[in-house]
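S.K.: Let me begin by handing over the structure; questions about it come next.
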Amino acid sequence: MKNERLDKLMTGAKKHAPAVALSAVCGWLLSLTVFCGLSDDRFTAVPEFADSVPTLIFLLSVLVLSALIWAAQRFLSDKVIPLALPALFTLYGIISVADSSGDAHSKAYTALVFTILSLAVVALVANFLKSDGIKLPTKDISARASFIIVTVAFVAISAYFIVVLGSRTAAYCSPCYDMGIFAQMYDNMTETFLPYTTCERGEHLSHFAVHFSPVLYLLLPFCYIFKPTDVLVWGQILVVFSGVFPLWLICRKVKLSNFKSAVVSLLFLLYPAMSSGAFYDFHENAFLAPLILWTLYFIHAEKWIPTFIFALGVLTVKEDAAMYVGFIALYVIFSRKRIVKGLLLFAMTFAYFLFAMWMLMQGSEGIMLGSRYFNIIGYNGGFVDLIKVALVNPALYAAESFTYEKLLYALNMLVPIAFLPLMTRKPSRWLLIAPLFVINLITDYQYQYNLSFQYSFGSGAMLLYAAAINLADLSSSPEECTEEPTECEKDEKNEQKEADLPASVSTKKSFRSGAVAAMLTVAMMASLFLGAARAPAQFFYVTRVFAEKETYDTVEDVLSRIDRSKSVMATSMYLTPLYDVDELYHTSQALEPKKSISSNKIVTYEILIHTDIVVLDLRSYVSDSDNAEIWERVYRSAGYEVTERHDGIILVMEKKD
């Protein structure tokens, strides 16, 4: 009798042990999250943080919360732990990454570590589901619900970034490159319809002599109504994130379920390549993501007139955008098997590229291959040299593509989408990954492999598209159908056939479905972790606007009284709000540093452009303030006098008559 009771007790303990153990993990994670959230310390990922946590209260918290979670799993729903564990781990990871010390790169590394740990969390959940025979809901949501989720997420995330980027501009932290350039360009366009600036190259020059970007005219109508700086802030955000809608349509077109279509769309909105780049002021590359995705959608829809229209739109973004359309054309030929259409698309791309190069050659800059691929072809090299090196010295391409910084960049591009672009048996789809190498990895231009800038929009859009179509291939469940009656009816007829399949085939389908769910879960967690790595730097500007309101009121008052009819030289952050000055120059254009022969340090500057007014930034946290004292001395010796000074804020000097 005792043995029977003992066996019963052991059987019960064995049955409930996994739930008890995972409840304890959930309770521990929830306690960590609460204590981290309540902590006054700036950084939780430091040894000192443990000293601030009362051990007894923490352990009691873990015990109570674990018991509550176990009870909820036992008596309310058997899905509490499978849903709570990844959610709590994600929440704790977000807080830990955001509060970790170091710069954005250090935080990104911490985010990747949490992503690796998330694999273990997903594995624990999968094992728990299997051992307890628990099945998560498989019923799909409606297409309308899916679209509403995507739209609400688009509005929420766009609003967040408009607020933080607007705060950055309001805090006078948007530099000349690139916000000041485009603000002055659009101000001139409202008067002359021509994209001229003086602050881009230190002379009266069309921006199209630097980059041929006719697409910029799309925002011009709004600049007649609103300030150019405001248009650039919300314009970039809305343009970039609007790419979520063609991606959602692509997911539907390739027969992903409505739920998975919503998940992939959310990955786009959280994708570091989009969210990080969108935060850095304005760049014409903002148009790449939506235009590329609309082009790919119409290719799938077999609507070729819109395909060519949107492909032409991509080409008008910038001269190097031909790279994206060229690879899309090759994809149409070799993967979609639309040879004639692909050849026509490639021919249009080549013809437009020749035209864009001709236009650039009319300006002072020409096409800037040497500055972008100096490591491959030198400063004077061209496209022929790039091709030649690829043919005779491919090892150089390999060596330049996989440095430490570029590997970290590649991981940041691929981990948030679970390496899905690589998961295909069709080599022709690798053409979609090619822009990542050509645009971002081969180059030695550091901004092109830095997520904080806008050079990842195009290759990011291509990767997300590849992820969507590869995910559709990996997903083979009966529910993976559109709402078209014929397709659904086919799947319904197949359900009985699937019930009669051998156990091994059924198990394989179940494993594949579970693997897809796991990949999407890890991808979502990775995107949230990497987003958290950059959130503190972004939200910093919102708090600064309120904390230093008096400072910004002073700056606004001083800058508003500067005579716009006179020529002005300004440091980077104060140049942007002066965009409506006709003759406006950046410090780097007006001043040339002179170094000591013995120490190779800058000792003074030579004035190259004598402007009527000089505006210097004295704020200690702005890099220009380091040279403000020298610049003031140089201008004083050249006959300028101080007309207004606010210590630690701003200095204005004017040339004596």
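S.K.: Return only the number of the condition from (1) open to solvent by 80 Å² or more (accessible area, probe 1.4 Å); (2) part of a helix (DSSP H, G or I) that Lys139 does not satisfy.
M.R.: Unmet condition: (2).
S.K.: Please tell me if Phe353 is open to solvent by 40 Å² or more (accessible area, probe 1.4 Å) and within 32 Å of the chain's Cα centre (by Cα). Please lay out each step first, then the result.
M.R.: Working: open to solvent by 40 Å² or more (accessible area, probe 1.4 Å): no; within 32 Å of the chain's Cα centre (by Cα): yes.
Here the answer is no, as Phe353 does not meet what is asked.
S.K.: Hey, among the residues in region 606-621 that are open to solvent by 30 Å² or more (accessible area, probe 1.4 Å) and in contact (Cβ under 8 Å) with a residue 12 or more places away in the chain, which one's farthest from Thr169 (Cα to Cα)? Spell out how you get there, then give the answer.
M.R.: Here is the first cut: in region 606-621, the ones open to solvent by 30 Å² or more (accessible area, probe 1.4 Å) are 606, 608-610, 612, 618, 620-621.
Restricting the remaining residues to those that are in contact (Cβ under 8 Å) with a residue 12 or more places away in the chain gives 606, 608-610, 612, 618, 620.
On the way: Glu606: 30, Leu608: 29, Ile609: 27, His610: 28, Asp612: 25, Leu618: 17, Ser620: 18 Å.
Applying the filter and picking the extreme gives Glu606.
S.K.: If I filter region 62-83 for residues that are assigned to a helix (DSSP H, G or I) and farther than 26 Å from Leu30 by Cα, do I get at least one hit?
M.R.: no
S.K.: Considering only residues that are modelled with pLDDT under 90, open to solvent by 50 Å² or more (accessible area, probe 1.4 Å) and assigned to a helix (DSSP H, G or I), look in region 24-55 and name the one that is farthest from Val97 (Cα to Cα).
M.R.: Among those residues, the one meeting the criterion is Thr55.
S.K.: Suppose we filter Ile94, Ile148, Ile157 for residues that are in a helix (DSSP H, G or I), crowded, with 20+ Cβ neighbours inside 10 Å and at pLDDT 95 or above; which single one remains?
M.R.: So the residue among Ile94, Ile148, Ile157 that is in a helix (DSSP H, G or I), crowded, with 20+ Cβ neighbours inside 10 Å and at pLDDT 95 or above is Ile157.
S.K.: Moving on to the next point. Of all residues in region 530-542, count the ones that are modelled with pLDDT of 90 or more and either open to solvent by less than 30 Å² (accessible area, probe 1.4 Å) or more than 20 Å from the chain's Cα centre (by Cα) (or both).
M.R.: Total satisfying the criteria: 1.
S.K.: Sticking with this structure for a sec: Within region 226-258, take every residue that is outside any helix (DSSP H, G or I) and of a type in the set (Lys, Arg) and give me the one that is farthest from Ile299 (Cα to Cα).
M.R.: The extreme case among them is Lys227.
S.K.: While we're looking at this one, here's another question. State all residues of region 192-218 that are assigned to a helix (DSSP H, G or I) and either more than 20 Å from Leu584 (Cβ to Cβ) or acidic (Asp, Glu) (or both); if no residue qualifies, say none.
M.R.: To start, the set of residues in region 192-218 that are assigned to a helix (DSSP H, G or I) comprises 192, 207-209, 214-218.
The answer is Pro214, Val215, Tyr217, Leu218.
S.K.: Moving on. Just to be sure I understand, how many residues within region 205-220 are surrounded by fewer than 21 Cβ atoms within 10 Å (Cβ to Cβ) and free of Cβ contacts under 8 Å to residues at least 60 places away in the same chain?
M.R.: 2
S.K.: Moving to a separate point now. So, Ala183, is that one surrounded by fewer than 18 Cβ atoms within 10 Å (Cβ to Cβ), part of a helix (DSSP H, G or I) and among the aliphatic types (A, V, I, L, M) or not?
M.R.: Numbers: surrounded by fewer than 18 Cβ atoms within 10 Å (Cβ to Cβ): no; part of a helix (DSSP H, G or I): yes; among the aliphatic types (A, V, I, L, M): yes.
Against the criterion (surrounded by fewer than 18 Cβ atoms within 10 Å (Cβ to Cβ), part of a helix (DSSP H, G or I) and among the aliphatic types (A, V, I, L, M)), Ala183 does not qualify.
S.K.: Before we move on, is Ile439 open to solvent by less than 20 Å² (accessible area, probe 1.4 Å), over 30 Å from Arg201 (Cβ atoms) and either out of contact with any Lys or Arg (no Cβ under 6 Å at 6 or more places or on another chain) or in contact (Cβ under 8 Å) with a residue 12 or more places away in the chain (or both)?
M.R.: It is false that Ile439 is open to solvent by less than 20 Å² (accessible area, probe 1.4 Å), over 30 Å from Arg201 (Cβ atoms) and either out of contact with any Lys or Arg (no Cβ under 6 Å at 6 or more places or on another chain) or in contact (Cβ under 8 Å) with a residue 12 or more places away in the chain (or both).
S.K.: Being open to solvent by 20 Å² or more (accessible area, probe 1.4 Å) and not polar (S, T, N, Q) narrows it down to one residue among Phe279, Phe287; which is it?
M.R.: Result: Phe279 is the single residue among Phe279, Phe287 that is open to solvent by 20 Å² or more (accessible area, probe 1.4 Å) and not polar (S, T, N, Q).
The values are calculated or read from the model by the stated rules, or taken from the named source; none is laboratory data. Note that the structure is predicted; figures quoted are calculated from it, not measured. A quick note on method: Cβ atoms are made from the backbone with ideal geometry, for glycine too, and the neighbour counts reach across all protein chains shown. In case anyone asks, the SASA skips ligands and DNA or RNA and just uses the protein heavy atoms, side chains included. Shrake-Rupley method; radii C 1.70, N 1.55, O 1.52, S 1.80 Å.
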